[in-house]
Amino acid sequence: MPFGKRNITGAGTGVRYVPNYDVRCTYAADTRLKLLMTCGPWKPIRVETYNGRLADVWTEVNVDENLRTASITANAQIEGSHGGKVSFTLSLDGKCLSESVVEVGKDHFVKTEFNLNTPVLWYPHGYGAQPLYEVSASLLAGDASLHRVSKYFGVRRAELIQQADKHGKSFYFRINNVDVFCGGSDWIPADSFTPRISDDKYRRWLELMVDGNQCMIRVWGGGIWEADIFYSTCDELGIMVWQDFMFGIHIFLLLWSSSDRYDAVSDHLQAAVIIQHIQKYSNQLKPNAKPSSSDFDITLRLLYMLATTRTINVRSKMA
């Protein structure tokens with residue numbers, strides 16, 4: 001079962017569901033070793049206990065059309081019963097630019113907004129530099145810090161341009177008001193034995209793209225959801241990421257209801273987990289217009305519905 005739900009029963013917990021991740025391509029793909037099949041857990045498994053923690057921290061960036069100002073919304077989701085405030089800090093190159101302290105609400109969600117004049121912009125490789133801002137969040141109980149999380153991100157204006165032309169409709173990306181030629185490569189799992197993919201291997205493979213003057217990589221939908229180091233290295237090197245959902249070489253059920261909503265067999269959990277995982281990176285691009293049925297096939301329309309969800313609680317279902 002490449003992605004599904006398995007029942008787990010624990011004392012006093014009843015029955016709950018947990019996601020099951022395996023490598024999709026295994027021995028069936030033409031890029032894999034035919035005689036070997038990887039299966040089972042391949043990353044560390046641990047049990048964490050806490051009274052209060054930052055379950056997730058992410059940013060939403062809005063750059064004005066004239067590129068002279070930018071607003072950054074820092075968000076945090078809190079889990080646990082401890083911690084009454086969250087302290088946010090925005091920095092660039094180790095220098096603190098702004099700070100904010102926000103009380104935790106009943107929904108255990110907090111956010112604050114930072115405004116920048118003359119922001120230092122992130123560009124794809126070959127079009128400019130890749131400066132990365134840092135947002136830090138600390139969960140506070142009185143004067144004590146219970147948990148601290150830091151994220152790096154780029155400030156950029158990203159648009160998907162779809163305009164009528166003699167061929168039908170355009171499809172290209174505009175970054176910071178510059179039209180970008182998305183020369184790049186297709187990414188499959190970097191090793192038949194996934195535990196052997198080290199941080200250094202990720203970097204060396206991606207640096208080969210930069211050396212070849214490429215600025216976009218497509219993560220194939222028949223492999224794995226890549227590690228954080230993959231996406232953060234792409235941010236650092238100026239590589240945009242076209243992220244497939246893991247529907248490649250896999251039979252999955254897609255139901256189309258009369259209300260024109262789509263329901264994946266994994267009960268939306270796959271999309272919720274992955275959007276939460278990648279939404280904090282600079283290299284992720286989202287469509288800015290809702291496609292019609294004549295523009296995209298069912299898979300891309302499903303991708304639109306899932307990718308445009310702003311804030312997702314992994315424990316809830318998407319409408």
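The values are calculated or read from the model by the stated rules, or taken from the named source; none is laboratory data. Keep in mind it's a predicted model, so treat the numbers as computed, not measured. Here the Cβ is made from the backbone with ideal geometry for all residues, glycine too, and neighbour counts use every protein chain on show.
Please pick out the residue among D186, D200, D235, D191 that is part of a strand (DSSP E or B), at negative phi and of a type outside the set (K, R).
D186
Going through the stretch 161-177 one residue at a time, which ones are part of a strand (DSSP E or B) and surrounded by 13 or more Cβ atoms within 10 Å (Cβ to Cβ)?
I161, Y172, F173, R174, I175
Quick check, is I175 touching a Lys or Arg at 6+ places or on another chain (Cβ under 9 Å) and closer than 28 Å to S91 by Cβ?
For I175, the condition - touching a Lys or Arg at 6+ places or on another chain (Cβ under 9 Å) and closer than 28 Å to S91 by Cβ - is met.
For the stretch 120-160, give me the residue count where each residue is assigned to a loop (DSSP other than H, G, I, E, B) and either in contact with a Phe, Trp or Tyr (Cβ under 7 Å, 6 or more places away or on another chain) or among the hydrophobic types (A, V, I, L, M, F, W, C) (or both).
Number of matching residues: 10.
Any residue in the stretch 107-127 that's touching a residue at least 60 places away in the same chain (Cβ under 8 Å) and in the same structural domain as S81 (by TED's automatic domain parsing): show its pairings with residues that are of a type in the set (S, T, N, Q) and in a loop (DSSP other than H, G, I, E, B) at Cβ separation under 7 Å, as long as the two are six or more apart or on different chains.
Going by the 7 Å Cβ cut-off, the qualifying pairs are W122/Q130; W122/S282; Y123/Q130; Y123/N176; G126/N213.
Which residues, counting only those in the stretch 108-119, are under 17 Å from D56 (Cα atoms) and either in a loop (DSSP other than H, G, I, E, B) or of a type in the set (F, W, Y) (or both)?
H108, F109 - these are the residues of the stretch 108-119 that are under 17 Å from D56 (Cα atoms) and either in a loop (DSSP other than H, G, I, E, B) or of a type in the set (F, W, Y) (or both).
Which of (1) part of a loop (DSSP other than H, G, I, E, B); (2) modelled with pLDDT of 95 or more is the odd one out, the single condition G105 does not satisfy?
Checking G105 against (1) part of a loop (DSSP other than H, G, I, E, B); (2) modelled with pLDDT of 95 or more, the one that fails is (2).
Criterion first (in contact (Cβ under 8 Å) with a residue 40 or more places away in the chain and among the basic types (K, R)) does K85 satisfy it?
Judged against the criteria, K85 is a match.
Criterion first (touching a helix residue (DSSP H, G or I) at 6+ places or on another chain (Cβ under 9 Å), of a type in the set (A, V, I, L, M, F, W, C) and touching a residue at least 12 places away in the same chain (Cβ under 8 Å)) does V210 satisfy it?
yes
Since N51 meets every condition but one in (1) at negative phi; (2) under 23 Å from the mean Cα position of the chain (by Cα), which condition does it not meet?
In the conditions (1) at negative phi; (2) under 23 Å from the mean Cα position of the chain (by Cα), N51 misses (2) alone.
Would you check if V120 is among the aliphatic types (A, V, I, L, M), under 24 Å from N176 (Cα atoms) and at pLDDT 95 or above?
Yes.
Condition first: of a type outside the set (S, T, Y), touching a helix residue (DSSP H, G or I) at 6+ places or on another chain (Cβ under 6 Å) and either surrounded by 21 or more Cβ atoms within 10 Å (Cβ to Cβ) or without any contact (Cβ under 8 Å) to a residue 60 or more places away in the chain (or both). Now tell me which residues in the stretch 216-238 satisfy that.
I229, F230
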